[in-house]
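Asker: Dropping a structure here in C-alpha cells format, bear with me for questions.
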Amino acid sequence: MKSILKNACIIGLGVLLSVSLNAQKFGYVDSGAILEAMPEVKEAESNLEALGKQLQAKGEKMMQDFQLKYQDLQRRVQAGDITPKDQEAEGVALEAERNKIVQYDQDMQQQLAEKRESLLTPILDKVKDAINVIAKENNYTYIFDGSPGVGVILYADESTDVTGLVKKKLGI
C-alpha cells in the first residue's frame, strides 16, 4: 500500500513539474552579434581608441625624455664630467621620473577602463531594456545569452533565438 501511494506521489509530482515547465517559454540572444551591429558601440570603440592613442603618445614622450636624460647621464659619467654627488642626485631624480612613468601607465589603464565603462554602460542598459521588452511582449520566462564563449547554453533550438527581435527593437 505504501509503495502504491509513493509511486502515485512521484507520478503526480512528475506531471505537475512537466505542466509547469511546459508553461514556461525560453529564448536566447547572441549579445555579441547585437553589440557588433550597434553603431553606438562602433562610436564608443572609436572614442576609446582615440583616447588610448592620445594617452599612449604622452606616455611614449615621457619615456623618450627619460631615455635621453639617462643616456646623457651615462655619457657624462663615462667622460668623467660629473661628480659622484651629482651623479647620485641625478640618479635619484631619474628613479623618481621612472616611477612617474610607471604611475602614469597605471593611471592610463584605469582612465581607459573608466572611460570604457562610462561609454558602454548606457549601451548595455539599452540592450538589456530591449531584451526585457521582448521577453514581456513574447511571454518569455527566461532569455539566455548564447554568445560564443560567453553563453551558458548547452543546446538551443534556433527557433528560440530572439536576437533578431532585439535588433529590431533597437532599430539595427
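Asker: Report, by residue number, each residue of segment 119-143 that is crowded, with 16+ Cβ neighbours inside 10 Å and among the aromatic types (Phe, Trp, Tyr).
Answerer: 140
Asker: Of the residues 76, 98, 116, which single one is surrounded by 14 or more Cβ atoms within 10 Å (Cβ to Cβ) and touching a Phe, Trp or Tyr at 6+ places or on another chain (Cβ under 9 Å)?
Answerer: 98
Asker: Sticking with this structure for a sec: Cβ-Cβ below 6 Å, separation at least six or inter-chain, first residue in segment 48-65 and touching a residue at least 60 places away in the same chain (Cβ under 8 Å) and over 12 Å from residue 98 (Cα atoms), second hydrophobic (A, V, I, L, M, F, W, C) and assigned to a helix (DSSP H, G or I): which pairs?
Answerer: Taking only residues 6 or more apart or on different chains, the pairs are 52/112.
Asker: Further, regarding this structure: Which one of these does residue 70 not meet: (1) surrounded by 15 or more Cβ atoms within 10 Å (Cβ to Cβ); (2) in contact (Cβ under 8 Å) with a residue 40 or more places away in the chain?
Answerer: Single failed check for residue 70: (2).
Asker: Taking segment 82-95 as the region of interest, how many residues are surrounded by 11 or more Cβ atoms within 10 Å (Cβ to Cβ) and not in a helix (DSSP H, G or I)?
Answerer: Final tally of qualifying residues: 1.
Conditions (1) of a type in the set (S, T, N, Q); (2) over 26 Å from residue 45 (Cβ atoms); (3) at pLDDT 95 or above, marked per residue:
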position	(1), (2), (3)
64	yes, yes, yes
80	no, yes, no
84	no, yes, no
87	yes, yes, no
92	no, yes, yes
102	no, yes, yes
110	yes, no, yes
113	no, no, yes
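Asker: Inspect all residues belonging to segment 28-45 and state whether any of them is surrounded by 13 or more Cβ atoms within 10 Å (Cβ to Cβ), touching a Gly at 6+ places or on another chain (Cβ under 8 Å), in a helix (DSSP H, G or I) and modelled with pLDDT of 95 or more.
Answerer: Looking for residues that are surrounded by 13 or more Cβ atoms within 10 Å (Cβ to Cβ), touching a Gly at 6+ places or on another chain (Cβ under 8 Å), in a helix (DSSP H, G or I) and modelled with pLDDT of 95 or more, one finds none in segment 28-45, hence no.
Asker: When you check residue 123 against the structure, is it β-branched (Val, Ile, Thr), modelled with pLDDT of 95 or more and within 30 Å of residue 145 (Cα to Cα), yes or no?
Answerer: For residue 123, the condition - β-branched (Val, Ile, Thr), modelled with pLDDT of 95 or more and within 30 Å of residue 145 (Cα to Cα) - is met.
Asker: Let me ask you something else. Can residue 112 be described as in a helix (DSSP H, G or I), within 13 Å of residue 31 (Cβ to Cβ), in contact (Cβ under 8 Å) with a residue 60 or more places away in the chain and out of contact with any Cys (no Cβ under 8 Å at 6 or more places or on another chain)?
Answerer: Values: in a helix (DSSP H, G or I): yes; within 13 Å of residue 31 (Cβ to Cβ): no; in contact (Cβ under 8 Å) with a residue 60 or more places away in the chain: yes; out of contact with any Cys (no Cβ under 8 Å at 6 or more places or on another chain): yes.
When the stated conditions are applied, residue 112 does not pass them.
The values are calculated or read from the model by the stated rules, or taken from the named source; none is laboratory data. Keep in mind it's a predicted model, so treat the numbers as computed, not measured. Methodologically, a virtual Cβ is constructed for each residue, glycine included, from the backbone with ideal geometry; neighbour enumeration extends over all protein chains shown.
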